[in-house]
Structures are given as C-alpha cells and as structure tokens.
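Colleague: Starting off with a structure, shown below.
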Amino acid sequence: GQVDALLGLAVLAQSRGEDEAARRGFRRVLESVPEHPQAWAGLAELAGEGDAGTLESRLRQLLAERPSAPLHFALGNLLARQQRWADAQAEYFAAATLAPQAADYVFNVAVALERLGKSGAALPW
C-alpha cells in the first residue's frame, strides 16, 4: 500500500507494455494521493483517443491548483499526440523551466519547436 512502491510497479508495468496493469497501478496511487503528478502523468501517457479531452481538462485543473513539471510534461505529450505542437511546446517549456535538469523536458521543447518549423530556436535546447 505504499505510494512509492505502487508508483514504481505501475511504471514497470508501463515500461513492459502492460498497459492495463499500469493503469490499475496509477489509479491505486491516485486513490491514496489524488493529485499525485507522476500518477497523472502515467495515465496521460496511456490515454486513448477517447480519453484525451477529459484528461486534458483534468491536467489543466491540477496545474492551475499546483504547477508541476511532470504534469506540464504529461500535458505536452497529450497535446503532441494530437499534433497540437504550439500548445505542446508551451507545456514542454513550462516543464523545462520548472525542472531544467530533466533531459526529456528540455529535448521535447526542441522537438516541438522543430515541428513548428523553428529549427533555429530549437538548436539551443
């Protein structure tokens, strides 16, 4: 029942492609800590097309209450999967600003800028 252990198991399941087990794990984390940013980020990665709108609204609500790099990154990924690159770039930038040491956040700023045709702006990232 420890949140960190449950989160770790969910991430492991996700990395193995066991999506349903990962969803269950992330939801168990959220039962204990409803605003847990990594659990929401994990669910966002597993969201299907039909869940995207609801999940986007929930992530935006959570971010309004408490900004978090993992939540910005998760929202950026959700938006990128919808080819909404300008919105995704803004979320990746927010994540990278909050956690500049996180290589994925910084890299995805560059990817989004490149997708927007701004290769010169992407280069420093």
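Colleague: What value, in deg cm²/dmol to 500, does the helix sum -39500 (n - 2.57) over DSSP H runs of n ≥ 4 give at 222 nm once divided by the residues of the chain?
Modeller: Helices in the chain give a 222 nm mean residue ellipticity of -23500 deg cm²/dmol.
Colleague: Quick one: net charge around L62, please, counting Lys, Arg +1 and Asp, Glu -1 for every other residue with C-beta under 14 Å from its C-beta.
Modeller: Computed value for this residue: -1.
Colleague: Between 0 and 90 degrees, rounded to the nearest ten: what's the tilt of helix 3-15 against the longest Cα principal axis of the chain?
Modeller: 60 degrees
Colleague: Another one. On a 0 to 90° scale, report how tilted helix 69-81 is relative to the longest principal axis of the chain, with both axes built from alpha carbons and the result rounded to the nearest 10.
Modeller: Relative to the chain, helix 69-81 is tipped by roughly 70 degrees.
Colleague: Over the range 70-121, what number does the Rg to Rh ratio reach, with both radii from the alpha-carbon atoms and Rh per Kirkwood?
Modeller: 0.94
Colleague: At 1.4 Å probe radius, can you tell me the per residue accessible area of the chain in Å²?
Modeller: Averaged over the residues of the chain, the accessible area is 55 Å².
Colleague: Need one number: convex hull volume per residue for the chain, Cα atoms only, in Å³.
Modeller: Taking the convex hull of the Cα positions in the chain, it is 105 Å³ per residue.
Colleague: While we're looking at this one, here's another question. Compute the signed sum of charges (Lys and Arg +1, Asp and Glu -1) over the other residues within less than 10 Å, Cβ to Cβ, of N77.
Modeller: -2
Colleague: Order these peptides, 55-64, 102-111, by their mean beta-carbon neighbour count within 10 angstrom, highest first.
Modeller: 102-111, 55-64
Colleague: Mind ordering 34-46, 9-21 by average Cβ neighbours within 10 Å, highest first?
Modeller: 34-46, 9-21
The values are calculated or read from the model by the stated rules, or taken from the named source; none is laboratory data. The structure presented is a predicted model; accordingly, all values stated were derived computationally and were not measured. All Cβ positions, even for glycine, are placed from backbone atoms using ideal geometry, and neighbour counts span all protein chains on display. Surface accessibility is based on the protein's heavy atoms, side chains included, excluding ligands, DNA and RNA. Shrake-Rupley method; radii C 1.70, N 1.55, O 1.52, S 1.80 Å.
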